[in-house]
Every structure is written in structure tokens, then in C-alpha cells.
Amino acid sequence: MKVQHNPWIFLLSVAFLVQLCLALYEDQAGKFDWRHQYIGRAVHATFDQSGVQGKRLLLSTEQNVVAAVNARNGQLGWRHILEEGDSGRIDDMIVVNNFVLVLCSGGGLVRAFHSISGSLQWEAPVPASPAQKRGDLALHGGDDQLLVLSGDSITVLNSDTGVEVWTKVLSNTGTTDYVYTASHGNDIIVAGISPGSHVSKVIYTKKGEVKLQESFPAAWLASQEQCQFSKGHLICLSQDGSIVYHARLDSNAASFIASSISQYGLQRCQQLEVFSADTELYEGMPIFSVRCDTKSFNLFIIKANTKLELLKTLKEVDSAEIIQFEDITVLVTISREDGDKATMAGIDLETGKEMTELSVKVHFPQHHGAPNQLRGVLFKHKDGLIGMRILVISEDHSLVLYQQSGKVLWLREEALASIMSVEMVDLPVSQIMAKMEDEFGNQNNDLLSMFVRRFTTQFQQVQAFILQLRQRLKAVRHHHHHHQVEEAEVEQDEEEEEEDEEEYLTRDDFNLHKMIVAVTSCGKIFGLDSQNGHVVWRLYNPLLVPFTKQGRSVLPLYVHRTTAHFPHQPQCSILGLHKTTRKGLLFTFHPISGVAEENMPASGFELNHGILQATLLTQMDSEFLRPLVVLSTDLKYFVYPREDTDLVKELAPSLYMFSSNDAAGILQGYNTVPTDQGLVADVMWRLDLKREGHAITQVVPKRLDERVNSQGIVLGDRSVMYKYLNPNLVVVIAEGDDGQGKNSFNVYLVDGVSGRLVFHCNHKKSSGPINVVHSENWVVYNFWNQKHRRVELAILEMYEGKEQSNTTDFSSLHPPPPPVIMRQAYTFPGHISAMAATITEIGITSKHILIAMQNGGILELAKAFLDPRRPENPTAESREEGLLPYIPELPRPFEATINYNHSVYNIRGIHTVASGLESTCLVLAYGLDLFYDRVMPSRMFDVLKDDFDYFFIGSVVVGMILVSLLTQKLAARKALNRAWK
Amino acid sequence: MHLNKMTPDFLILSLIFALLRGIGANPEEEGNDKSLFKIEGKVLAPQSADQDWISSTKILVDGGANIGFLKSDGTFVINNVPSGSYIVEVVNPTFVFEPYRVDITSKGKTRGRKLNNLQPSAVQTVTYPLKFKSRGKAEYFQRREEWRISDLLFNPMVMMMIVPCLMFLVLPKLMNTADPETQKEMQQSMNMFTNPKQNMPDISETLTSWLGGNPAAGNAGRKAAKPRPLKKK
Amino acid sequence: MPKFCSVLAACNALIVFVGLILFSTQVAGDDEYYDTLSSLNLEHTFDSGLNPVYSRRGVISIHSITSNNADIDQEDSHTPQDITKLKALVKSNGMYRVRIMSRPATASSPAQYVQSFTPACGLYESSLSDHIEIHLDASGNLIGMSIDSISPHCTGIQPPSRQMQEFNSTVDLIQTTSGPFPETSTYVQKIEQERQEKMKGGQVDNRSFIAKYWMYIVPLVIIMMFANTADPNQGGGGR
């Protein structure tokens, strides 16, 4: 039965849409917004050798992205984002001819992409591997065939078409982890490790028959990390680091050969690395390196007679790579030095001599951490000089490309693809304004001194104004040139920018220019300029590790003090875990200058306890600093900064905290009890939400900085229905399945102080991913309805009723009567990855919900669509209130997509912040990509629109004045003439 | 003999029992079989597309549970899809494509149908392998209101002001005002406007004439007689 | 022989009967709300600070969840020493806590409780009158509780101790409701209705031309009449 949409309802909704949906004009696109695209932490990287040498860099990343990056300027050529999570996990990548072959073992697919255009060449299904087992790819038969080891099977595919030639299931996969496959002549080697007992190898012929299958004992092998496979050999390092065990996999040799490396005077060696480059040196025998106690880098080769030979010993090498250049095999190394510098050197392995033309000092700042991988190409220029392009992949996920002159060609900060927390901090006021404020704050009442101060301040203002004018003229010319050269996410020259930044980083008139502080999962903190997304400052703390809460990684960022309290400096801090001790770590820094705090140890304050909960108080101390109260796992309170402990003691009677044990489904609330040893937490309330297979997946409180403008809504009969505004309300969602494929989830509205369950409901046959928006007196959440196979959005709104219980104060301990919960649900035509509500300074502007969708668009949906009072049969009263009639499907107009055709994918969160203008809300969507925009939910009502026709109105006014003067004169002359007649 | 008689009854009853059990079991539950199938289709190149539309397009199954990429001719195959019902949509930043729903039975039979969220069980089949045709470019922007001179001229207020002004200025030039006859005509037309009383009795007279009948002729004659005495002055 | 037949017949009937029961439970299985709990032990404490000692207060008997039918039996809930402890709590602005066991102790885990609290002064001033809410999930398991005293705010009055002999409580049962879902059926029906109406009522506007436009025609006629009566006069007068 086909249903056509009724045209009247359609027209009505279109009419409302035209009012409610405020699209951009084409010339506004790009004025206030910017988008950055990232790829994530690179795991495999290869320079594309086809065509011009080293023109394209092919990368596969931890974020399941395959991309081609232009090697000259770092721009993205093409990018393919594979499935999220395990099914898109990239296990291995090989570049052959013009194609990139990618193995997604979790999803059981091998995909071949064309390296220049990015179009798919073929896709072949292979057995899938679970998360703990990684697959492997290898080329066979002179690049004709592809060997795929995945899911406990070995598959051979035709590398041009992807057609399967044969596939065989491996045996003994319960005990042995098969991780390596290689080609040896016409044979195929598959090898695996069984930790603690033996190593297995299987050799297949070209047709797939088992030629040889054997295992050799390796009782000394405790874990897989000790071993590396390379070129048909298995090389392992003993646990004490003194013996190297190696075995050939391609022959009948059935045991390991143990070679002691302590004979070379090397002790406590670790970090065995193999080099995969195809070298002709030593007939292609494997070369590996170990790092030993004196931080020395030792390069070994296994010769044909199975003897180890020490090729080279180097001191203080951070990372190395072997590159084949014509007939020379070069070892390229990079070593960090103090003061943001590093040295790159090249050694000819055959002669053992250093190639002086390749050694160069490069600029390698400390905030990159340690270089992890090097990839490079060497080539000859026309004039015979050797050229080099070296890519450095560092601990902070960044990619830097160096040239032979040591110059940085480009830098990609890929840590921004894994942002955990974001805050937008106001910029400081200019010096002049600060001086003016200082003037008012001063207590000195002496008339003369005040006069003198006023005079000097104003004189300085005039001076500053003239200087500003001159600088602005210079800056216009400079920036114009600058913007033509540089691109958004790639930086070329950092030094030139810094001079302009200091004057540039002051608050503008409407407080629209902010500093975006972004904390990423690797412990790197960025300060981004909100106008164009450029990185202003960076801080790196390699010991900072995120918490895991509700199945996600969380690294909370707190703003202790903003820039509003001159001369006190603003302060932010990050609470995380220490990488090694797994206890709390608090890292404090200045959000505008990006400098870590002075009296803090280098990697942050180490809190010697685990962390259960932390909260920033809304009270400010005498220095306008908000203290952070941390509840440790042994139920003790700690206050940072320590000096504010007395302030918190005074607040103790009204300080309540709660924590959740997600797997056990327990929510507990604590109050604060002052004891001799300090403040201690006592369990006051507890909820037991545990159901079979359910775990808590969302705990969403309200935003502390949100202002609710009206306490109730006006109904059609002019009476008021008061909202239930409970600032302590928390939305808790517990989801899970009952083991038979039927998922369900429960929504609980809990008062965080008293533990009262205000409301709870249950959705059967529905599953996540669930996103929650909790604001004012309503909750919006979305989920996937398994029965009807569609995305649904539900809204719960809470009202007290016709009478307000308490007009002055809200106390959870003396609660109002239970509210009326109005609810409604709709279907949504798209898949949602994140949601957030807009927020403005006073709360007058209507609320819009920003929905980030899987198809790359961010939709701005008016809250009026999500109103549980939308009637199915509209009456006169409901029309008067402005309620849209109920349509079970939510619209998805393209004009409401704030990022128009700048699609952003895999968005994990949207952060909204109020600006100085009541009509404007600043939005940053982060995930794999970044998108920043200004949103005006009720249109820009407080500032003249930007296409305001100054010229037209001015000219009309001037024209009318002239005409009226003229006609006055003419009329006077005429009257005079008539009088004379 | 009795046994022989009993067993058919027994069989029938057991059959009924077995059937009841079978109906009780839920037919829509996905089976335990792990066989995987494919979804195939083609995306037709949109009209104003440039060359890299293929690398910026991808096919999402159920919002990203499986992702398909396009080959250079626009076809796609999505592997490793278990049996069930899926939403297949084409994602491209510039062009709009309508999503379809694909049902795969546990035997591997695939069919495509239109996506109807309000009535998920409504079936309107589409061709399978799926063919995606673009509905055009996505309209992301509003048109700016442009100011045209015609907006000003056709504004009713402006017309009411300017047109009588023009008439006032232009008409006297057209008609020769020096001519006394035209002047008198103008005066009389002015009188008509300023002296409405002359018209009122006419209306009432015409009305009574219609309703009354004969006196109408007399009235009309009297009407014609009236202005003459005035004129003789 | 006849006995054998009857036995067989009885077996058949039993099989069919059992089958029908299983069938009906399978079909109805998902939506039944079982009353798994019938009585809950309520415990309370008048201690303040860490590690309070809980004592038995009463038993809540649940008769029917769906009709919110439960009552509490709390004789011997407290001693006069407890009342003195309560007065001390009121002085120190402390909290009165209650708890109910939600999951009994097993070999691997201790007993789990749900717990709630209320300001002690409210309980004291209301002379031990309170309101208890028991929250249950869809299958009838205990997920939480809350307790409130009758008096909303603490005013500092001191009721006489003879009113503190026993608790005066009301108990409410609240079960997890079903979450909201889109109302597609009514909307689809409405669309169908309107579509059918449109198809039927398309050509109804067959009234005559004059019947539709008389509102415009009549004033036109009147105006023309003015023009006719005025002009001939003027025209005649003008000569």
C-alpha cells in the first residue's frame, strides 16, 4: 500500500521550514567556517614509485583510513575511510604497480585501489580474523599473485583482478598464531608462533599442496613481541637480551640457531627491529637492529652461512631505515638533540662510511616526541646531486617531510584526528583595555593621581591606536601574501607567523574570536585559532593517558580561570592517568600562550591514587580560580590547588558527588564528611541498574554554563506551564542484549544529589549507538529500532505543572513533586554519529540541535520539531502556541546542512560555546575531521546583517535631502516671481 | 488392530502439536547460519560531475556497518553481508541520491525496494542490481534577495503616489487648457466630484423607478428638466 | 484393550494440552511482567558518618505491581534510643538512611543494596511520617528506592515524643514504562483518508458561474449604474 504524502501537510511543513530553516547564502560559505581533513596515526607508509619519483605518499592509518598524500605539499590527494572499529581494521598494506592493496582482516576483505585516482580496482572477500590476530599480505610469483594470511587460512588471489586462485585452512590454529606469510621462489611459507612452546611453519606449493609442515621447539619464547619475521627468516631476541635466535623458514631446517650477541660487548638488548627494504646487499639476507644498554643502535645481518655479523654500531639513534638508492644501500638515521633540533645522517652499508652529503641538521621540535618510523626516497637531481625526501612519523602521530637541505617541506599534525576534549577559551583583552579596567579597580581615591592616571592611559590609547593603524596596513599586505601560499592543515613556515600573533590574539568586539584548546588521545594539546584553525601553540605530555569510562576513552579538560580576571592569568588543566603507574596525573597550562605551569613537575602533578570522579566547582576563590575537587578510589577528596582546601571544607555540606560502575550497573552517590584526615566521602544513595547483559553506556549531566531564560512556557489559553528545572539531573542509559540478538536499552533520569529516579523507561528491540542531548528541561536521544530497522529520535520534556514549587531556590533534598514527563518519538532519515544543542549567553535565542550524520553532513534542526506537545490533530490553541502538527518523520532539508558540501566523516563529538553576541553560537565538530562554524538559530537579530545596503540607503537619504533643498529654493524663487507679477 | 486404529490419530495429533510449536517460533529471527552475501549495484555518473566524483563517493550499508567503493565505471559490490534487511545509501558531498532498502533472505535471494521509514513493511520493488541515479545537485544555499528597480516601481504605494502625480502634470499639457470649453468640462467633472448630492436623488429615483414602475418616466423627464433652469442663469 | 485406548487418548490430550501451553507462552513471552518480588526487607540507620549500622525497620509486601498495591508492615521498627540518635542527627543537620537488598549475596559477590536518604530534620518534624517509592524495572526487579518526609522544609519545631512511637508511611511502586515510539499508524491512516477524499471530492465545484462570482458582479453593476446616470446628465448639460 503506497502512501503519498499529503500535499497540504507537505506545504505546511515547507512553510514552517522556510521560517525555521535558515540557510547560508552562497557567498557566506567559507567566511565564518573552516574544515580540516585528517587521516589519523599512520601505520604503513610507502612512497609511490610510479611516475615521478616520490610524488605521492600512500598511507594507511589506525583510524581505518587509506589515503594518498601529495609528497610535495602534504595535501590530501584522495582518502578512503573504511568501516569504523574492528571490521575496517587495516592489517597490512602493499603497493604494487599502480595499486594499493589493503587487507582488512576484521572485515574479511582485500581491497585494491588505484594509487592515482583512488577508484576501487577490485575487492575480494577473505576469511575474517578476530581482533587479536593480525593478517598478513605478501606478493608471490613476481607480483602476479597475492598471498593473504587471514582468519586462520591462507588464500592466493590474482593481484590484477582479485580472483581467488585457491584457499586452504591452516591446522593447529587453536594453539598456534599464524602471523607471517612470504613467498620463496615458487613456494609459499606460512609461519606462526605458539608462545611458550614452539614455532610452526607450513610450506605450500604453487598449487596449494602442503609441501612441508613442521614445528620447532622454542620454550624460551614467552611472547610474540620478542620476534620479527623478515624475508623468510624468523628472528627473535631472548628475554634477557643476550641471545638472538634465528631460523630459516624456507628450508628443511628444523631448529633455531642461537647466536650470542654479548660477544660483541652488548648487554640488555631490546627492541628488535627488522628492515623490510629490498636490498641487493648480501643477496637479500635479513638485516635487523637491536638497541642495547648504552643506547647504542646495533645493526646486524644474518649471512648465508647462518652466522650473525655486526654491520654497524651507532650511538643515540632514535629511528633508522634502509633505503636502496641505485646500487647503494643507505642506512638513514635520525637522532634528536637538545633544543628542537635533530640530526639526519646516511651511511653506505657496503663500505660502512658515512655519506656526508646526506647528513644534515633539521628542525625537529620537542613537542613531536620521539620519531618512530622513517620512510624515504633518494634520487638524483639533474645536476648529479643526491636528493632526498624523508618522512618522519613521530610519537605524536605527526608526519613531517624533510628535504636534503634540512628544510621542512610540510608538517601534518595527525593527532587532531583523535581529539578527546575541547574547550573554547576567550582571548585576553588588549593591553589598553586591561589598563582601563585596572584603573577602575584601584582603590586610590586621590583626585590628582586619578587624573594623572586617566591622562596617561588616554595618551597611551592614542599612541596604540596610531600604531595599530600602521600595523593593520602592513598586516593586510602581509596576510594577503601569506594566505595565498599556505593551506589549512599543512604548515610550511612557522617562524613568520609568530610576530603577528601577539597583537592578533586579543579579544574582538563581539568575542567571536576564541582560542580552541584541544586535547588529543596521545597526550598532545593544541591551541587552535578559531578563525582559521591554524595551530597557535602545542604542548606534548607523553605520559598522559586517557581514562576508559562507559566504553570510551575520556580525557577531561577543565578551565579553572578565564581571561576575564586581569591581571590573573587564565589556567586550564587536564586530568588523566599516568602511563606507567596508572594513577592520577594532573597537567596544568596556560591556554593562550600554551606554556605549562611553572611550579609543576615536567609531566604534571602526580596524584598518588586512582581517580573515581572529579568536578570543577562553580565557586571561585579569592583569586577567581575555580578549584578542582577529585574523589579518589579510596573515597577521599583532594582539592587542587591545595590552598583552596579550606574553601572546599566550608562548602562540604552541600557538596555531593556520584560515580558509576559501568559493568556492574551500579550508581552511587556520596556526600562530604569532614574528618581529621581531610574530607572523606560517604555513600548516601545507590541504584542497582544491573540487568542481564546490560552495562551503563551514557551518563550525561547538564552543562554548568547554561542559562535558562524562561521558567515556563505559555499555553494557548495564556496560562503558564512551569518547567521542571533540576540542575542536578543526570541522564543514564544502560544498553545491552539478552544473548539472543535482541537488544534493548533503558533510559533513567536520576537526580545526582538525592539519587531519586525521576523517570525511567525502556525500549525493547532497540540498540545503539545512542547519542544524548540533555539541556534545560528536556532530553533528546536517538537509537536504532531493530524491529522496524530505522533510526528513531525520542524527546522527553519535564514540566512541574501549573504551579511552581519553589521560585527562588532548588534543593534536591526537598524536592518538588514528581514532574510530568511529556514524550514523543520520530523517525530520522539518516544515521547519526553525534548530537549537541546550541548554547547562547543568556538563553533567549531558540535552541537548535546539531546532528552530525554518517553521510558527512551536519544538520541544524530546530527544537520546534522536537516538541512532545506537537499535536496529531491541530486545534486552534495549538496553532496559537505555534506547535507544528505531528508528523512521525523528521525532515532533513539540505539547506539546513551547515557544512554544505564540505563533508566531514566519523564525527565523535560536537562542542558548542556561547559567543559575545546573544544570537550567535560557535560550533566545533571533531572526529576524524574538524569543522568549525558560527550558527545563528534565530537569525542575527542583534547585529546588522552583512549585506546591509549602506550605499543604497545612504545615497537615498542624501539624495532626498538634496532634492528637498533644491525644491525649497525653486519654490521660493517661483513664489518670488509670482509676487512680482 | 486397535493399535493400528490408534496410530493415525496419534500421528495426526502429533502433527498438529508440531505445527503449533512451529508457528509459535518466531519466523523473523535471523538464523544461526553465518553465510555471507553480496549487494551489487551501479551508480550512474551525475551530469555535471567532474573526474574525481568516483573517489569522493562511497556506499554506506546501514550507516557504515559495511562500506562499498566505486570502481572506475561506477559499479560497486559490497561483500560479507549477512542475511537481513539493510538501508543502502550513496554518499557524495555534491549530489543527492535516494537510498534504497535491500532484503537478503537466508537462502541468498536479494531484492531491492524503496525505503519507507513510516511503513517499513511496504514493498515497492526496484531493479536489482541496484541502480542509483542522481536527483541533482544538493541545494545547500539560499538565493540572495536581489534588489531590482522593478521592485520599487511595482510597489503599490509608489504607484499610488507617482501615477496620479504624473497624471496631474502630464494631462493638462495634453489637453489644451486655454480652450474655454475644455475648461468648463473640467469644471463640471470637478463638480461631479464635489457635488455628490446631485447624484444621490438620481439613485433613489432610479431605484424607485425600477420598483415603482410608471413614475420613473416622469422622474426621468423631471431630471432632464432640472439642469436646464440652472443653465439659463 | 479399551483401557489401553483410553490411556492413549489421555496421552494424546496431554501432549496437545502441553503443546498449547508452550505455544501460548512462546507467543506471549516477551510482554509478561512477572511479579518476582513479593516482599522486601527495609532497613534503616540513625547513625551518622562512615560505616553506619543498619537495623531492620519493616517489610514491604508487594501485592500487585501493575495496580500499585503494596503495603508496609513496620512494627518494632525502632527503639527510644533511636529517637535520641535521631534528635542528635537533627542537631547536626545529618541524614536518615534506608536501604533494601536488591540482590542476595552469592559465592562470588556480596549482597547488593539500593539505598536512599532524606534530611533527618524533615523526618523528625513530621513525626516519622514519610513516603517511600520503590522503583522496579520491566521484569519486576528492584532498581532503586527513594524516601521523603511529609514536611517539605525544616522549620525547627519539636513535636512531642509520644508522636514518635511508630512510623506512618505510604508506599508507591513505580515500574519502568515503555519508551516513546513514532506514531506512524495514525498518520498513515490520515494520509490515506485525505488522499481518498481528494480523489472523490475533486470535481464538486460545479456551481454556476454567477453563484461563485456574485460577490464581484453586483458592485460592478451598481458602479456602472452611477456612471450611466451621471454621464448622460453631464453630457446633456454640457452642451
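The values are calculated or read from the model by the stated rules, or taken from the named source; none is laboratory data. Because the structure is a prediction, the values reported are computed rather than measured. As a convention, Cβ positions derive from the backbone with ideal geometry for all residues, glycine included, and neighbour counts pool all protein chains shown. Keep in mind that these areas ignore ligands, DNA and RNA; they rest on the heavy atoms of the full protein, side chains included. Shrake-Rupley method; radii C 1.70, N 1.55, O 1.52, S 1.80 Å.
Each peptide in A:577-590, A:404-417 gets a packing score, the mean of other Cβ atoms within 10 Å over its residues, and the list from highest to lowest is A:404-417, A:577-590. Ranking of A:Leu103, A:Leu704 by solvent-accessible surface, largest first: A:Leu704, A:Leu103 (1.4 Å probe, protein heavy atoms only, all chains present).
Interface residues of region C:162-177, defined as those with an accessible-area decrease of at least 50 Å² between the chain by itself and the complete set of protein chains (probe 1.4 Å), are C:Thr176, C:Thr177. For A:Lys307 and A:Gln711, a Förster radius of 60 Å and the Cβ-Cβ distance give a FRET efficiency of 0.10, rounded to the nearest 0.05. Between the beta carbons of A:Glu62 and A:Ser276, assuming R0 = 22 Å, the FRET efficiency works out to 0.70 to the nearest 0.05. The long axis of helix A:431-441 is offset from the longest Cα principal axis of chain A by roughly 50 degrees. Maximal additional length on extending the A:Phe952-A:Lys649 stretch stands at 102.7 nm, based on 0.36 nm per residue less the C-alpha distance. For region A:326-342, no residue has its backbone nitrogen under 15 Å from a point 7 Å from the Cα of A:Lys407, taken along Cα to Cβ. For the pair A and C, the buried accessible area comes to roughly 4300 Å² in total, with a 1.4 Å probe and the value rounded to the nearest 100. The gain in end-to-end length when the A:Ile844 to A:Thr456 segment is fully stretched comes to 135.6 nm, 0.36 nm per residue minus the alpha carbon separation. Here chain A has 52 percent of its accessible surface on carbon and sulfur atoms, given a 1.4 Å probe and all protein chains in place. Separation of the alpha carbons by more than 31 angstrom is noted, of A:Lys649/C:Lys87; A:Lys765/B:Lys137; A:Lys307/A:Lys382, for A:Lys765/B:Lys137; A:Lys307/A:Lys382. Rolling a 1.4 Å probe over the protein chains gives A:Lys341 an accessible area of about 80 Å².
Burial annotation for region A:675-715: residues with an accessible-area loss of at least 50 Å² between the isolated chain and the complete set of protein chains, computed on heavy atoms with a 1.4 Å probe, are A:Asp682, A:Met684, A:Arg686, A:Asp688, A:Arg691. Accessible surface ranking for A:Leu385, A:Leu635, 1.4 angstrom probe, highest first: A:Leu385, A:Leu635. The label-point distance for A:Asn97 and C:Tyr213, in a model that sets each label 7 Å from Cα toward Cβ, rounds to 7.7 nm.
Each label was represented as a point 7 Å from its Cα along the Cα-to-Cβ direction; for A:Met960 and A:Ser296 these points are 9.2 nm apart. For trypsin sites (Lys or Arg not before Pro), the sites in region B:87-176 that DSSP calls loop and that have at most 15 other Cβ atoms within 10 Å are B:Lys107, B:Lys109, B:Lys133, B:Arg143, B:Arg144, B:Arg148. With the cut-off at under 16 Å, measuring from each backbone N in region A:807-840 to a point 7 Å along the Cα-to-Cβ line of C:Thr155 picks out no residue. Over the residues of chain A, the helix contribution to mean residue ellipticity at 222 nm works out to -4000 deg cm²/dmol, using -39500 (n - 2.57) for each DSSP H run of at least 4. Counting only residues at least eight positions apart within a chain, or on another chain, the lysines with an alpha carbon under 16 Å from that of A:Lys847 are A:Lys702, A:Lys723, A:Lys863. Seen against the Cα atoms of chain A and their longest principal axis, helix A:447-485 is set at about 50 degrees.
Kindly express, to the nearest 10 degrees and within the range 0 to 90, the angle between helix A:7-20's C-alpha long axis and the longest C-alpha principal axis of chain A. With both axes taken from Cα atoms, the answer is about 90 degrees. Find the sum over both chains of the accessible area lost when C and B are paired, probe 1.4 Å, and report it in Å² to the nearest 100. In total, this chain pair buries about 2200 Å². Of the accessible area of region B:68-127, computed with a 1.4 Å probe over protein heavy atoms only, carbon and sulfur atoms account for 49 percent. Note on surface exposure: A:Lys295, A:Lys742, A:Lys636 rank A:Lys295, A:Lys636, A:Lys742 by accessible area, highest first, 1.4 Å probe.
Taking all protein chains into account, the per residue accessible area for region A:84-198 stands at 34 Å² (1.4 Å probe). In the assembled protein chains, C:Phe181 presents an accessible area of approximately 120 Å² (probe radius 1.4 Å).
Annotation for the A:B interface, with buried accessible surface near 4200 Å², both sides summed [1.4 Å probe; non-protein components not counted].
Stretching the chain fully between A:Lys341 and A:Ser811 yields a gain of 163.4 nm (0.36 nm per residue, less the alpha carbon separation).
Between region A:905-978 and region A:840-886, the alpha-carbon centres lie 27 Å apart. Separation of region A:612-639 from region A:321-346 is 48 Å, based on Cα centroids. Calculated accessible area for region A:923-979 comes out at 68 Å² per residue, all protein chains present (probe 1.4 Å; ligands, DNA, RNA ignored). For C:Thr66, the solvent-accessible surface with a 1.4 Å probe is about 120 Å², rounded to the nearest 10.
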